[in-house]
Amino acid sequence: FFVQNMLHDGDVVGLSGGVAVNSLIGFLAPEKCTQKIEVLQLSGVFSEQNPESSAFYAAQQMAGKFGCSWSPLLLPVIADSMQSREILTSEPSFRELDAKFSQVNVALVGVGSLVGANPDSELYRRGYLRDEDLTELRKHDAVAVILSHILDSNGNPLITPVAERSICMPLEQFRKVAFSIGIAGGEARIRPLYAALKGGWINHLITDSNTAKGVMALAR
C-alpha cells in the first residue's frame, strides 16, 4: 500500500476522522507496519460518534497496528462557544498535544463535501451547519470541509462560527505538513477534493479512479 511504503522511521503521523480514513487504516496489514512512528489525533470527536468515522478510533487503530505511541484528543470537535473553546484548549492535555502538532510530517485527512441536496459532511449531519447556514455559505461558493474548516471552490478558508469553535490542528500548521494526504471518493467529493488540492491543503490524494478523473477534468 502507498501509505505503508511511504512511511519512514521517525515520522509523526496525524489523523483526522471520517469513514474513508478509518477504512484505509483498516486495510493496513499489521505484518507490514514495521516503521517506528508516532500517531497524533488531529481533531476532536463528535458525541456518540460511530467507531467507523471517529478520529479517536482511527488513531487508536493505526497505533495498534504499528505498535507505537499515540496522542488522543479527548475533546469535542466543536465547542459550544468560543469561550468554551478557550477554556478547553487551555487545559494542559491539549497544550501538550498542540505543541506536538508542529512535528507532524505526514497527515491523513478526510475531505467532507457541502455539494448537493444532502451534504456528505459530519458538520451538516450533526446539525452544526443548518440549512440556512448552508444557503448562506453557498453564496460564498462553499464546497469542502477539512478539519472542520470550510473551503470555497478555490480552496480559500471561509470565516465561520463553526471554524472559530473547532478544536483541531490549526490550519496554518496543517499547511506546513510535508505529506498531506486527502482520502475521499465519490462524485460528491470531486469539487471538494479539487478545492483542497488547489488551495494547497493536500498534496497527495487517495481515491477511486472515477473520482480522480473528475478532479483532473476540473483541473483542465
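The values are calculated or read from the model by the stated rules, or taken from the named source; none is laboratory data. The structure displayed is predicted, hence computed values, not measured ones. Methodologically, a virtual Cβ is constructed for each residue, glycine included, from the backbone with ideal geometry; neighbour enumeration extends over all protein chains shown. Only protein heavy atoms, including side chains, enter the accessible area calculation; ligands, DNA and RNA are left aside. Shrake-Rupley method; radii C 1.70, N 1.55, O 1.52, S 1.80 Å.
Summary table below
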{"read-out": "Cβ charges +1 (Lys, Arg) and -1 (Asp, Glu), total dipole of the stretch 84-148, debye", "value": "100 debye"}
{"read-out": "Residue-count net charge about ILE183 - beta-carbon cut-off 15 Å; Lys, Arg +1, Asp, Glu -1", "value": "-3"}
{"read-out": "Linear extension gain, CYS68 paired with GLN4, 0.36 nm per residue minus alpha-carbon span", "value": "21.6 nm"}
{"read-out": "By average C-beta atoms within 10 angstrom, highest first, the peptides 174-181, 38-45", "value": "38-45, 174-181"}
{"read-out": "Overall form of the chain per C-alpha gyration tensor (a/c, 1.5; a/b vs b/c)", "value": "oblate"}
{"read-out": "Pairs of Cα atoms farther than 19 Å apart, the stretch 67-184, %", "value": "50 percent"}
{"read-out": "Cβ crowding within 10 Å averaged over residues, with 83-91, 68-76 ranked highest first", "value": "68-76, 83-91"}
{"read-out": "Sequence-distant residues sharing a close amide H with ALA107 (under 5 Å, placed H)", "value": "GLY14, PHE179, SER180, ILE181"}
{"read-out": "The stretch 10-54-the stretch 143-200 distance, computed between alpha-carbon centres (Å)", "value": "18 Å"}
{"read-out": "Anisotropy class of the stretch 117-220 from Cα gyration tensor, a/c 1.5 cut", "value": "oblate"}
{"read-out": "Burial ranking of peptide ranges 159-166, 30-37 (average Cβ count within 10 Å, highest at the top)", "value": "159-166, 30-37"}
{"read-out": "Sequence of LYS100, LYS65, LYS213, LYS139 from largest to smallest accessible area, 1.4 Å probe", "value": "LYS139, LYS213, LYS100, LYS65"}
{"read-out": "Cα gyration tensor shape for the stretch 1-102, rounded if a/c is under 1.5, else prolate or oblate", "value": "oblate"}
